[in-house]
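One structure below.
Just so it is clear, none of the values below were taken in a lab; they were calculated from the coordinates. These numbers were taken from a predicted model, which means no experiment stands behind them. Here the Cβ positions follow ideal geometry from the backbone for every residue, glycine too, while neighbour counts run over all protein chains shown.
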């Protein structure tokens, strides 16, 4: 598990027209529990564009979050 980094993982149960891989992102929810997200390339692109469009809605990182990012 890699927290805070996007890792490309193989789709081990690929069926039909599904993607051969996913982008796995592990984040920590407000209760401190890890949450694993599996995103296709198009979902990752769509979510990234949404974040750019509404960047003023993204909260500033705390000093603790910035420290953790430096350690990743």
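Can you put 65, 60 in order of Cβ neighbours within 10 angstrom, beginning with the fewest? Mind dumping the intermediate values first?
Details: 65 12, 60 6.
Listed from fewest to most nearby Cβ atoms, that is 60, 65.
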By how many degrees, 0 to 90 and rounded to 10, does the Cα axis of helix 41-53 deviate from the longest principal axis of the chain?
30 degrees
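Tell me, what is the percent relative contact order of the stretch 6-71, built from C-alpha pairs under 8 Å that lie six or more residues apart?
Details: 54 pairs, mean separation 13.3, N = 66.
Relative contact order of the stretch 6-71: 20 percent.
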Which entry is the computed Cα extents along the principal axes in Å for this structure: (1) 29, 20, 18; (2) 55, 16, 14; (3) 45, 29, 22?
(3)
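Estimate the FRET efficiency between residue 15 and residue 48 by the formula 1/(1 + (r/R0)^6), using the beta-carbon distance for r and 22 Å for R0, to the nearest 0.05.
0.25
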